[in-house]
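Okay, structure first, notes after.
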Amino acid sequence: MTDPSLLRNASGTARDRAPDEPIEELELEAAIGRNVRELRVRHGWSIADLAGRTGISKAMLSKIENALTSCSLATLAALSKGLDVPVTSLFRGADVERPASFVKAGQGTPIVRNGTQAGHEYNLLGGLRGEHKRLECLLVTLNDESEAYPLFQHPGTEFIYVLEGAMDYGHSRAVYRLEAGDSLQMDGEGAHGPVGLVQLPIRFLSIIAFPDATV
């Protein structure tokens with residue numbers, strides 16, 4: 001059962017796919033559904049309003065908007081007429097290349113961050129820049145005790161997931177004992193960083209979503 005509180009569930013779509021069904025067809029259906037919904041909302045219409053204007057049932061319109069069905073030529077023509085747009089407008093964005101970042105194990109790009117200490121390694125796993133924010137993914141490895149630990153502050157939200165080892169991690173006025181399998185999500189503006197290395201080596205994922213203003 002899916003969790004309705006997840007943003008991807010509230011704003012996205014999901015459907016079953018047969019093993020031999022091309023993904024390209026799903027992309028096209030998703031684009032049509034997204035454009036129909038945007039045009040309907042722009043007019044301030046409910047699904048019932050659009051059903052009355054197009055002659056397409058509310059159930060079918062719901063399936064179209066959620067990319068759960070393929071549109072026939074007759075259905076596309078009815079949508080075009082009811083929404084008062086060219087048929088081509090319904091395909092907008094279908095041919096847009098969607099970026100992804102794939103990194104094989106051990107091939108992340110080594111980087112140096114502010115506060116990098118000896119024995120502290122940072123490997124960049126991805127840095128996609130989307131329409132609304134930039135996402136930076138790091139694999140951090142702490143191998144040795146250091147005389148000083150890095151302390152970070154940055155805009156946006158950071159998520160940490162511990163893969164191996166244990167550490168005490170400070171954020172603002174709190175300190176958390178993080179062990180393998182533990183996670184921590186925090187406001188990046190609060191001063192944060194390891195305050196004690198409990199069990200070495202320590203490996204954790206650090207994922208930061210930066211807001212528009214920093215890009």
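Run down Thr88, Thr2 and say which single residue is surrounded by fewer than 10 Cβ atoms within 10 Å (Cβ to Cβ) and modelled with pLDDT of 75 or more.
Working: Thr2 fails: modelled with pLDDT of 75 or more.
Only one candidate passes the filter, namely Thr88.
Kindly indicate whether Glu121 is farther than 30 Å from Ile56 by Cα, open to solvent by 50 Å² or more (accessible area, probe 1.4 Å) and modelled with pLDDT of 70 or more.
Details: farther than 30 Å from Ile56 by Cα: yes; open to solvent by 50 Å² or more (accessible area, probe 1.4 Å): yes; modelled with pLDDT of 70 or more: yes.
So Glu121 passes the test.
Restricting attention to segment 48-60, does a residue exist that is touching a Gly at 6+ places or on another chain (Cβ under 7 Å), among the polar types (S, T, N, Q) and open to solvent by 40 Å² or more (accessible area, probe 1.4 Å)? Break it down stepwise before answering.
Of all residues in segment 48-60, those touching a Gly at 6+ places or on another chain (Cβ under 7 Å) come to 50, 53-54.
In the following step, the residues that additionally are among the polar types (S, T, N, Q) were identified as 54.
Applying the additional criterion that residues be open to solvent by 40 Å² or more (accessible area, probe 1.4 Å) yields none.
For segment 48-60, residues touching a Gly at 6+ places or on another chain (Cβ under 7 Å), among the polar types (S, T, N, Q) and open to solvent by 40 Å² or more (accessible area, probe 1.4 Å): absent.
For segment 176-198, which positions are among the hydrophobic types (A, V, I, L, M, F, W, C) and either open to solvent by less than 70 Å² (accessible area, probe 1.4 Å) or under 21 Å from Glu136 (Cβ atoms) (or both)? Steps first, please.
Initial filter on segment 176-198 (among the hydrophobic types (A, V, I, L, M, F, W, C)): 178, 180, 184, 186, 191, 195, 197-198.
The answer is Leu178, Ala180, Leu184, Met186, Ala191, Leu197.
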- Query: So, of the residues in segment 151-170 that are charged (D, E, K, R) and surrounded by fewer than 17 Cβ atoms within 10 Å (Cβ to Cβ), which turns out to be nearest to Ile207 (Cα to Cα)?
  - Reply: Glu164
- segment 199-215: number of residues that are of a type outside the set (Gly, Ala, Ser), farther than 20 Å from Tyr149 by Cα and open to solvent by 80 Å² or more (accessible area, probe 1.4 Å): 1
- Might you check whether a residue that is at pLDDT below 85 and part of a loop (DSSP other than H, G, I, E, B) occurs anywhere in segment 21-32? yes
- Message: Could you check segment 58-96 and list, in sequence order, the residues that are among the hydroxyl-bearing types (Ser, Thr, Tyr), part of a loop (DSSP other than H, G, I, E, B) and out of contact with any helix residue (DSSP H, G or I) (no Cβ under 7 Å at 6 or more places or on another chain)?
- Response: Ser72
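The values are calculated or read from the model by the stated rules, or taken from the named source; none is laboratory data. Just so you know, these numbers come straight off a predicted model, no measurement behind them. Here the Cβ is made from the backbone with ideal geometry for all residues, glycine too, and neighbour counts use every protein chain on show. The area values use the complete protein model at the heavy-atom level, side chains included, leaving out ligands, DNA and RNA. Shrake-Rupley method; radii C 1.70, N 1.55, O 1.52, S 1.80 Å.
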